[in-house]
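Read-outs: derived from the displayed coordinates by stated rules, not from any lab. Since the structure is predicted, the reported quantities are computational estimates derived from the model, not experimental observations. Cβ atoms come from the backbone with ideal geometry, glycine included; neighbour counts cover every protein chain shown.
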């Protein structure tokens, strides 16, 4: 269980996050959504231990701010939005970097590559891959770091910052399905999401941020509502229910089409 | 080359290739060492040495003197200095995440240069004279510069690598200016000493210098590979390396201190020798990939072999006089480096 209370972060003297409370349970995907600049990535970075913050945050009962890096690394893996690799490693070598802190973990790097759809890419130079392929290499790396979704010490956690930003629609679904499967198997997933349709499809719990504050948190049905979203994103948003599944979805182009 | 590349690419895992390279490099170092022991201005040949040992007659006094008091200590110093420079280059490139980084970036070059110049120009004012003044001043200068830089770049327990780089440039400029003033004040003899010091040489090598350098260089050579996993992770950026569980600040501190110790000592006993720190790691990355756990030990061996080879050439080229070794490393290193870069560009186009 991830419990964060009163998370406040200031960057160059400006409050970027103000008193955010967040709870995420293992066994489900928790999405952090909100408009640009609402503090989604800052919140994920603070919970990853990258930024000085005030407030209290624990992961499986361990205080995030003071735990040693190796202890956090055994518990959670972080997939950042953008990662540059400064030397010409092969794909397999990049994935193996995830192994270093958790030697003996059960995931084979080659299997992890196969799970993200990159079987046969092992020997390719990482710099020669497309942006979407590179993003999936790093997903394989964080899967290798965690090994199984649940360890002897409790659930392990995936922190994902816009994991589908660089991906085409097929790979978006594949990556979200991987995250979903990880959660179904008992692990925890905390994901910053832009795409509200994917959020509705794969997340069970949603935290909505706006202006550095938590506007709403709860189940998908409770947070993804016309009025809450319209207020947070400051544009008229109307949700429809997909006839075949009963899930909410956003006809994002509706406004533009109506104008013609 | 193409065949080994193809074999490695079927796996994507170049660890075995890196391990094979270690053995090949050790053989190379062995040949370089034998060539160094068997050649020199005295005319004592390797054959004479080996025959003396083989026949059981032992070596005559002159051969013994040349071998044990001149060539062996020079070989030891050359290997130490070459290994120190190459390993320090690889450490800096890993730390700065840039294949062009070199130990000069953490101020150790500028600092030890200034220390040496101060000792050469102002040493005459001291009430006592000692041949150790220049090496000790160079070593102290390198350490002072590095520690100042590290303090400047560290805030709240975190060291900014960008700050280290910028402050290093400022410090190098300042040291250069003070060096310029001292050169302006120097007389002809001091100028000559300065010039030779800045080009580097193993000519003054003896067992004392080898023993002086050993405690600073050997630990760095032995322990640097332990930083390899952390430096590999650092190539993903500091945050990602921390997320994987690496103690990033400790890795930075140990890398910088290791470079200050190794390069400070190398510069103190052999002067300023360029190019080894950039060329050796670059060659090895081309051959076996950027994995620092292999790169660091391999760099030590190749650096030692290259410097010993360059020193043998420096001794033979204009025998019985000798060239400063910095000239040899640059004359041979620069064209080879250019050739590699061109070839790499051609391969990338093909």
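Descriptive notes on the structure:
- Stretching the chain fully between residue B:223 and residue B:346 yields a gain of 40.6 nm (0.36 nm per residue, less the alpha carbon separation).
- Pairwise label distance in nanometres, residue A:177 with residue A:213, each label 7 Å out on the Cα-Cβ vector: 4.1 nm
- As a proxy for reagent exposure, ranking B:349, B:322, B:249 by other Cβ atoms within 10 Å from fewest up yields B:349, B:249, B:322.
- Altogether, the Stokes-Einstein calculation at 20 °C and 1.002 mPa s, with the Kirkwood radius of the range A:1-117 over Cα pairs as Rh, returns a diffusion coefficient of 132 µm²/s.
- Inter-centroid distance (Cα atoms) of the range B:280-301 relative to the range B:28-91, Å: 25 Å
- Only Cα pairs under 8 Å and 6+ residues apart enter the sum, and on that basis the relative contact order of chain B stands at 30 percent.
- A full extension of the chain between residue A:54 and residue A:82 corresponds to an added length of 7.5 nm, given 0.36 nm per residue minus the alpha carbon distance.
- Modelled label positions at residue A:239 and residue A:130, each set 7 Å beyond Cα in the direction of Cβ, lie 3.2 nm from each other.
- Counting neighbouring Cβ atoms within 10 Å and putting the fewest first, the residues B:128, A:89, B:196, B:139 line up as B:128, B:196, A:89, B:139.
- If R0 equals 22 Å, the separation of the Cβ atoms of residue B:45 and residue B:206 corresponds to a calculated FRET efficiency of about 0.50.
- Based on the Stokes-Einstein relation at 37 °C and a viscosity of 0.692 mPa s, and on the Kirkwood radius from alpha carbon pairs, the range B:18-349 is assigned a translational diffusion coefficient of 159 µm²/s.
- Antiparallel DSSP beta bridges within the protein assembly as shown, percent to nearest 5: 60 percent
- Largest GNM mean-square fluctuation among B:237, B:326, B:271, using chain B with Cα springs under 10 Å: B:237.
- The spacing between the range B:162-214 and the range A:113-148, judged by their C-alpha centroids, is 47 Å.
- Using a Förster distance of 35 Å, the FRET efficiency for residue B:64-residue B:126 (Cβ separation, nearest 0.05): 0.40
- Seen from every direction in turn and averaged, the convex hull around the alpha carbons of the protein assembly as shown projects onto 35.4 nm².
- The range A:170-211 versus the range A:1-30: alpha-carbon centroid distance in Å: 17 Å
- Pairwise label distance in nanometres, residue A:119 with residue B:336, each label 7 Å out on the Cα-Cβ vector: 4.4 nm
- Based on alpha carbons, the Rg and Dmax found for chain A are 18.4, 60 Å.
- Pairwise FRET efficiency - residue A:70 versus residue B:192, Cβ, R0 = 60 Å, nearest 0.05: 0.65
- The slack in the chain from residue B:181 to residue B:286, taken as 0.36 nm per residue of separation less the alpha-carbon distance, amounts to 33.6 nm.
- Of the residues B:54, B:132, B:197, the one with the fewest other Cβ atoms within 10 Å heads the list, and the complete ranking is B:54, B:132, B:197.
- Relative contact order (%) - criterion: Cα under 8 Å, at least six apart; region: chain A: 25 percent
- Working from Cα pairs under 8 Å separated by at least six residues, relative contact order for the range A:1-154 is 21 percent.
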